[in-house]
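The values are calculated or read from the model by the stated rules, or taken from the named source; none is laboratory data. Computed from a prediction, not measured in an experiment: that's the story for all the values here. Cβ sites come from the backbone with ideal geometry, for glycine too, and all protein chains shown count toward neighbours. For accessibility, only protein heavy atoms count, side chains too; no ligands or nucleic acids. Shrake-Rupley method; radii C 1.70, N 1.55, O 1.52, S 1.80 Å.
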Amino acid sequence: MVKFYRSIYTHDHDFETFSVAYFLRYPNPYATHVVSVDTLSRHVDDQGRLHTDRLIVKKGKLPRWCKMLLASSGINISESMILETSIIDPKSQEIWTETKNIDFTRIMRVVETATYKGGLDIDKKPIVKAFTTVWFLSSFGFGSMKERMETWGQRKMSENLNRSRMGMGFVMDRLREQGGKIKLFQLAMQKALAQDAQEF
C-alpha cells in the first residue's frame with residue numbers, strides 16, 4: 001500500500017536567491033548526512049529553462065528493527081544514492097523537482113516531487129511557495145512489515161523536510177548577507193551552461 005505525505009510551505013526570500021541556494025544548499029549545518037553531490041547532465045532548452053540531473057549520496061537511516069533483519073541476512077546499508085532532477089524557469093519564476101532513491105528500492109522506494117513558485121505576499125514582499133508531495137512504497141518482508149516500513153518513512157518525512165528548510169534558509173541568509181543576488185543568479189546560470197560542476 002502506497003503512503004503519501006504532502007506539505008505547503010512559504011520561504012521568505014526572492015526567487016533569484018532561492019534558485020541559487022537550491023544548487024548551493026549542500027553542504028550546510030543541517031545536512032551533515034550528505035556525502036557527495038555530482039552533476040550528471042545540464043542544459044537549457046529552447047524556452048530558456050534550465051534542466052539539471054544530479055546524483056546525491058547520503059548516509060542511510062533505517063529503523064533499528066529493519067537494520068536487525070537486514071543484518072541477519074548479511075546486508076548492511078550505510079549510504080544511499082538519490083537521483084535529483086530539476087527544471088528552473090526564470091521567466092515564470094517556477095522550479096519543478098523530483099528526487100528518488102535508485103538503490104535499495106525493494107526495502108523502500110521514496111519519490112518526492114516539488115513545485116516552487118516565486119511571487120509576492122500581501123505586503124508585496126518577495127516569497128517562494130513550495131508545494132511538496134512524497135510517496136513511499138515498500139516491498140520489504142511480508143504482511144504488515146511492508147506497511148510498517150512505509151509508515152516509518154511517512155513519519156520521518158516531516159522531520160526531514162524541516163531540516164531541509166532550515167538548511168535552505170541558512171544558505172539563503174548567507175547569500176542575502178553577501179548581496180548582489182541578481183548577479184549571483186546570472187552567474188549560476190552561466191555556470192550551469194558551462195557545466196562547471198566543481199564550482200556550482
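Quick look at the values:
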item	result
GNM top mover of D173, D123, D12 - the chain, alpha-carbon springs below 10 Å	D123
DSSP-assigned coil residues among trypsin sites (Lys or Arg not before Pro) in region 1-72, each with at most 16 further Cβ atoms within 10 Å	K61
Angle between the chain longest axis and helix 15-24 axis [Cα atoms, degrees, rounded to 10]	50 degrees
Most to least accessible of I122, I95, I8 (protein chains only, probe 1.4 Å)	I122, I8, I95
Cleavage-rule hits (chymotrypsin sites (Phe, Trp or Tyr not before Pro)) in region 94-136: DSSP loop, at most 14 neighbouring Cβ within 10 angstrom	none
Accessible surface of the chain [probe 1.4 Å, protein heavy atoms]: carbon and sulfur percent	52 percent
Helical contribution to [θ] at 222 nm, DSSP H n ≥ 4, -39,500 (n - 2.57), averaged over the chain, rounded to 500	-11500 deg cm²/dmol
Contact order normalised by residue count of the chain, Cα under 8 Å, 6+ apart, percent	29 percent
Point-to-point label distance, F170-T105, nm (Cα→Cβ direction, 7 Å offset)	3.1 nm
1.4 Å probe accessible area per residue over the chain, in Å²	57 Å²
